[in-house]
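Here is the structure we will look at.
The values are calculated or read from the model by the stated rules, or taken from the named source; none is laboratory data. Predicted, not measured: the structure shown is a model, and the values here were computed from it. Neighbour counts are summed over all protein chains in view; Cβ atoms, including those assigned to glycine, are modelled from backbone coordinates with ideal geometry. Calculation scope for accessible area: heavy atoms of the full protein, side chains included, ligands and nucleic acids excluded. Shrake-Rupley method; radii C 1.70, N 1.55, O 1.52, S 1.80 Å.
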Amino acid sequence: MITIKSFDGGEFDSYLAMPAEGFGPGIVVLQEIFGVNAFMRSVVDWYAARGFVALCPDLFWRQERGVQLTDQSEGEWQKAFALYQGLDEAKAVDDSAAAVEFLRRHPACTGRVGAVGYCLGGNIAYLLAVRYPGASHEQPAWGGSPDCSVGYYGVSIEKALNEAACLSAPLMLHLAGKDKFCPPPAQLQIHQALDQNPLATLHDYPEQDHAFGRLGGEHYNARAAELAHLRSLEFFLRNLAGSGVALAQKTLSDRWDEHVKYEFATRDTEDTLKTMVANAYVNHVPVLTGGVGHDELREFYSRRFIPQMPPDTSMTPVSRTIGVDRVVDEMVFEFTHTIKMDWMLPGVGPTGRHVKVPLVVIVHFRDGKLAHEHIYWDQASVLVQLGLIDASNLPVAGVESAEKVLDPNLPSNELMKTK
């Protein structure tokens with residue numbers, strides 16, 4: 001625990017964790033209504049383990065110092081809500097800004113600092129992003145603006161959307177579709193205010209409830225939490241690394257996202273090809289479909305790939321690794337086989353069955369454009385789910401392969417028990 005001076009002369013405690021390297025960008029973690037408890041400290045430790053100098057300030061210090069509650073009893077819930085209702089929001093934002101400035105000046109910090117908040121902290125992360133000038137402007141004496149901010153299921157953001165025009169640094173918000181503390185009408189207002197702002201990125205989790213990212217909580221969802229954490233981590237690496245390598249990695253990641261948008265969202269062959277070098281190639285390894293060069297790829301994309309993508313196709317990101325000249329995406333690819341899919345199932349007519357399969361894409365770049373894609377998936381798993389092979393006497397799995405990628409805690413070695 002360390003002590004930080006507030007803007008009005010007081011002092012408050014913060015939990016600080018250092019990366020193994022002893023040096024890195026900063027992250028200010030903003031608490032839920034339960035104080036700087038074991039969960040919040042675990043978040044700080046998680047970011048420190050990934051190379052950040054991280055701290056979590058005690059935002060309840062003006063009411064009671066050292067609050068550490070859980071969501072496990074009615075009494076703790078009631079106390080947490082009482083503290084939340086008694087919080088001076090404006091002062092809490094200023095205290096958070098003081099924590100940002102403390103971290104920015106810390107000798108172990110590179111000088112670039114992000115903020116991530118949960119619930120109450122999610123709202124404060126948003127308010128920090130809109131109430132303080134950007135890092136390129138003069139900072140107030142008592143605190144500063146984070147270089148980027150992330151909010152998880154922030155409560156009451158919709159009440160301060162009149163300040164959204166003041167956003168001056170990248171902001172990411174994770175919205176839980178079933179969140180009663182930020183219900184769908186409030187989420188719609190947030191989208192309407194921020195969707196067109198190039199600095200804002202909003203992610204929706206339609207089936208999740210409030211605090212889906214709190215490990216051990218009532219609404220914790222491992223799959224959604226992992227996806228949100230992956231998105232947040234990549235966001236911070238993009239915006240805080242502050243090096244030429246980080247900028248190059250951001251460019252590659254953005255170009256890959258642009259390519260995928262043209263394939264699956266706008267479904268435009270020519271725009272897709274503009275993201276690729278002239279002699280680029282695509283190899284769907286399990287079935288050897290794809291093409292080499294723009295002429296072959298134009299034929300492939302326009303006739304065999306883009307128009308043969310089932311309308312309910314979805315991709316759930318699992319991980320992304322970005323190198324100097326390549327991106328590796330791991331995902332779960334999902335669709336209902338209602339149309340021909342020559343690129344994946346040549347010669348197989350529609351079966352009407354649903355498929356969910358792990359898929360890995362290795363993308364190499366040259367001169368800022370895609371040079372090749374190697375795409376891998378387990379074709380046996382696909383054929384099992386389509387009813388085209390009998391898995392009862394073969395060492396293959398169906399949808400279980402995808403489910404275990406999304407939830408590593410599912411049982412292992414089941415095939416060894418049955419074969």
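In the stretch 248-293, which residues are open to solvent by 50 Å² or more (accessible area, probe 1.4 Å) and more than 19 Å from residue 328 (Cα to Cα)?
265, 266, 267, 268, 270, 274, 278, 279, 288, 292
I need every pair where a residue in the stretch 294-309 that is of a type in the set (S, T, N, Q) has its Cβ under 9 Å from the Cβ of a residue that is buried (at least 18 other Cβ atoms within 10 Å of the Cβ), sequence separation at least 6 or different chains.
302/269; 308/341; 308/343; 308/344
Yes or no, residue by residue, for (1) modelled with pLDDT of 95 or more; (2) open to solvent by less than 50 Å² (accessible area, probe 1.4 Å); (3) not β-branched (Val, Ile, Thr):
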site	(1), (2), (3)
65	yes, no, yes
116	yes, yes, no
131	no, no, yes
139	no, yes, yes
143	no, yes, yes
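Give me the pairs: first residue in the stretch 315-339 and within 25 Å of residue 354 (Cα to Cα), second residue open to solvent by less than 40 Å² (accessible area, probe 1.4 Å) and among the small types (Gly, Ala, Ser), beta-carbon distance under 8 Å, and six or more apart or on different chains, which are they?
These pairs meet every condition: 329/319; 330/319; 332/402; 334/402.
Looking only at residues in the stretch 295-319 that are in contact with a Leu (Cβ under 7 Å, 6 or more places away or on another chain) and either open to solvent by 40 Å² or more (accessible area, probe 1.4 Å) or at pLDDT 95 or above (or both), which one is farthest from residue 402 (Cα to Cα)?
298
Which of the residues belonging to the stretch 335-351 are within 32 Å of the chain's Cα centre (by Cα) and over 20 Å from residue 300 (Cβ atoms)?
Within the stretch 335-351, 336, 338 qualify.
Starting from the stretch 158-182, keep only residues that are closer than 17 Å to residue 206 by Cβ, then list their pairs with residues that are assigned to a helix (DSSP H, G or I) and open to solvent by 30 Å² or more (accessible area, probe 1.4 Å) whose Cβ atoms are within a distance under 8 Å, requiring at least 6 positions of separation or different chains.
So the pair list comes out as 174/231; 177/184; 182/158.
I'd like to verify a number: residues in the stretch 45-63 that are surrounded by fewer than 22 Cβ atoms within 10 Å (Cβ to Cβ) and within 23 Å of the chain's Cα centre (by Cα), how many?
The qualifying residues number 6.
If I filter the stretch 352-367 down to residues being within 14 Å of residue 256 (Cα to Cα) and over 24 Å from the mean Cα position of the chain (by Cα), which single residue comes out as modelled with the highest pLDDT?
Of the stretch 352-367, the ones within 14 Å of residue 256 (Cα to Cα) are 360-367.
Cutting the leftovers down to over 24 Å from the mean Cα position of the chain (by Cα) gives us 366-367.
Working: 366: 84, 367: 79.
Ranking the candidates gives 366 first.
Residue 29 fails exactly one of the following numbered conditions: (1) on the phi > 0 side of the Ramachandran plot; (2) in contact (Cβ under 8 Å) with a residue 60 or more places away in the chain. What is the number of that condition?
(1)
When you scan the stretch 33-41, do you find a residue that is over 25 Å from residue 229 (Cβ atoms) and in a helix (DSSP H, G or I), even just one?
No: the stretch 33-41 contains no residue that is over 25 Å from residue 229 (Cβ atoms) and in a helix (DSSP H, G or I).
List the helices (runs of 4 or more DSSP H) inside the stretch 324-419, counting only whole elements, that have at least 2 residues being open to solvent by less than 40 Å² (accessible area, probe 1.4 Å). It would help to see each step written out before you state the result.
Numbers: elements: 379-385, 400-406, 414-418.
Of the helices (runs of 4 or more DSSP H) lying wholly inside the stretch 324-419, those with at least 2 residues that are open to solvent by less than 40 Å² (accessible area, probe 1.4 Å) span 379-385, 400-406.
Please state which of the following conditions residue 27 fails to meet, knowing it meets all the rest: (1) touching a Pro at 6+ places or on another chain (Cβ under 7 Å); (2) modelled with pLDDT of 95 or more; (3) within 15 Å of residue 106 (Cβ to Cβ); (4) not acidic (Asp, Glu).
Looking at each condition in turn, residue 27 falls short on (1).
Which of the helices (runs of 4 or more DSSP H) found entirely inside the stretch 215-312 contain at least 3 residues meeting this: under 30 Å from residue 41 (Cα atoms)? Quick ask: steps written out before the conclusion?
Values: elements: 222-240, 244-264, 269-274, 293-299.
Hits in the stretch 215-312: 222-240, 244-264.
For residue 112, all conditions in the list (1) open to solvent by less than 40 Å² (accessible area, probe 1.4 Å); (2) in contact (Cβ under 8 Å) with a residue 60 or more places away in the chain; (3) under 14 Å from residue 147 (Cα atoms) hold save one; what is the number of the exception?
Only one criterion is unmet by residue 112, namely (1).
Do we have any residue at all in the stretch 176-192 that's acidic (Asp, Glu), at negative phi and either touching a helix residue (DSSP H, G or I) at 6+ places or on another chain (Cβ under 6 Å) or open to solvent by 30 Å² or more (accessible area, probe 1.4 Å) (or both)? Give the steps one after another, and end with the answer.
Looking only at the stretch 176-192, we keep the residues that are acidic (Asp, Glu), and these are 179.
Add one more test, that the residue is at negative phi, and what stays is 179.
Adding the requirement that they be either touching a helix residue (DSSP H, G or I) at 6+ places or on another chain (Cβ under 6 Å) or open to solvent by 30 Å² or more (accessible area, probe 1.4 Å) (or both) leaves none.
Looking for residues that are acidic (Asp, Glu), at negative phi and either touching a helix residue (DSSP H, G or I) at 6+ places or on another chain (Cβ under 6 Å) or open to solvent by 30 Å² or more (accessible area, probe 1.4 Å) (or both), one finds none in the stretch 176-192, hence no.
Out of all the residues in the stretch 6-14, is one or more surrounded by 21 or more Cβ atoms within 10 Å (Cβ to Cβ) and among the acidic types (Asp, Glu)? Give the steps one after another, and end with the answer.
Step one: list which residues in the stretch 6-14 are surrounded by 21 or more Cβ atoms within 10 Å (Cβ to Cβ), which gives 14.
When the remaining residues are screened for being among the acidic types (Asp, Glu), the result is none.
No - not one qualifying residue is present in the stretch 6-14.
Check residue 98 against each of (1) open to solvent by 30 Å² or more (accessible area, probe 1.4 Å); (2) in a helix (DSSP H, G or I); (3) of a type outside the set (Val, Ile, Thr) and name the one condition it does not meet.
(1)
Against the condition free of Cβ contacts under 8 Å to residues at least 60 places away in the same chain and touching a Gly at 6+ places or on another chain (Cβ under 7 Å), how does residue 63 come out, does it pass?
yes
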